Amino acid sequence: MSWSERFVRDHKRQTDCAIRRAYAQLALDPLVFEKFNEILYFARKRATRLFEAPVVNGRHLGVDALVHLSRFNGAHIRPAADWTGTASSWRPAITSLAHHLICEYKVPAFLASSWYAADSIAERKRSWFVAHSRGNSFRSLNLPIVMTRRMEHLFLASPDHLPIEHAIRKAELLALKVPAATLKEIMSSRLATDLRHGEFWRTVWMFFTENSDEVDPTQISPIIDYIYAVRQERTSIPTPDGMITFEPPQPAFSIKGRSMQSILRLMRKWHKSLGVGGSRSRGCGRHSNR
């Protein structure tokens, strides 16, 4: 048996396992169970490539999408039986099905990734999809950052493959006219997907923009690491009595009134305290600046 044949067989086994787990998971909710059974039936008949979706951390993304679409059955405006299906690959297949079941108005294709999301705001992302498909402006929704009209315009024009968090952050940075080199560094950092504390981080993006001629772009990521660590990173340490969690040393840290040179000095001092060298180093420790 060739490698490709083994891969196909193994993927089919994982798909079947995912479907069995879904049935078991939904067994206690007859309405959702029946809706999943209905959607699965038509997906198998009319969009077979949906089941080619990858298995990530034990999760079959295509089957997960069917589960979550079934759970949101109260938002359905059309029956699955009327869906014509698609011969496209798994992502467009999920997008096509979600649009058919839920959308009164067309929404950008990249938003359909919400149906197989499994992160801490996955349910919110699915609610965004539904609300936007009903005609609500995206910037009016319960978002982790305040979105201006310009940011919304840039966000909704994002490429089909871009994850939703990345699209939000990139639209924000473009609307703020963050220099391209700085934007690239931010989008390669943890802040590309971590959208918490949006009001504070926007002051940082504006600070970077206003002081772009005073810093080498390669210093942006280390500065972000430093600010993140002292302001919002919790640290857990194992002890004989169990895990002890330390709160960030400076949760009220502000960029207001600081110069780029002072931030660079604090960042270098912090990295030095960790025994970390090099301008591209990544920090993960804690240090209180007094």
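All of the numbers you see were taken from the coordinates with simple rules; none came from a lab. Just so we're clear, the structure is a prediction, and the values are computed from it rather than from any experiment. When we count neighbours, we look across all protein chains shown, and the Cβ atoms used for this are built from the backbone with ideal geometry, even at glycine.
Worth a mention:
- Proximal charge balance of Asp29 [Cβ under 10 Å; K/R count +1, D/E count -1]: +1
- Between Asp194 and Ser236, the contour length at 0.36 nm per residue exceeds the Cα-Cα span by 13.2 nm.
- In range of the label at Trp3: residues from the stretch 41-68 whose backbone nitrogen is under 14 Å from the point 7 Å along Cα→Cβ: none
- Cα→Cβ-extended label distance, 7 Å offset, between Thr209 and Asn57, nm: 3.2
- Extended-chain gain in nm, criterion 0.36 nm per residue less alpha-carbon gap, Glu247 and Met187: 19.0 nm
- For a straight C-alpha distance cut-off of 16 angstrom, the lysines reachable from Lys184 (same-chain residues fewer than eight places away being disregarded) are Lys170.
- Under 18 Å from the Cα of Lys106 - lysines, other chains or at least 8 residues apart: Lys125
- Length gained when the stretch Asn136-Arg258 is fully extended (0.36 nm per residue, less Cα-Cα span): 40.0 nm
- FRET efficiency, Ala81 to Lys106 (Cβ-Cβ, R0 25 Å, nearest 0.05): 0.70
- Between the stretch 238-259 and the stretch 143-220, the alpha-carbon center distance in angstrom: 24
- Cα shape, the stretch 3-102, gyration tensor, a/c 1.5 rule: oblate
- A Gaussian network model of the chain, with springs between Cα atoms under 10 Å, assigns the largest mean-square fluctuation among Phe42, Phe51, Phe246 to Phe246.
- Global form of the stretch 176-273, assessed from the alpha-carbon gyration tensor, a/c cut-off 1.5: prolate
- Scaling against 2.2 N^0.38 Å puts the C-alpha radius of gyration of the chain at 1.20.
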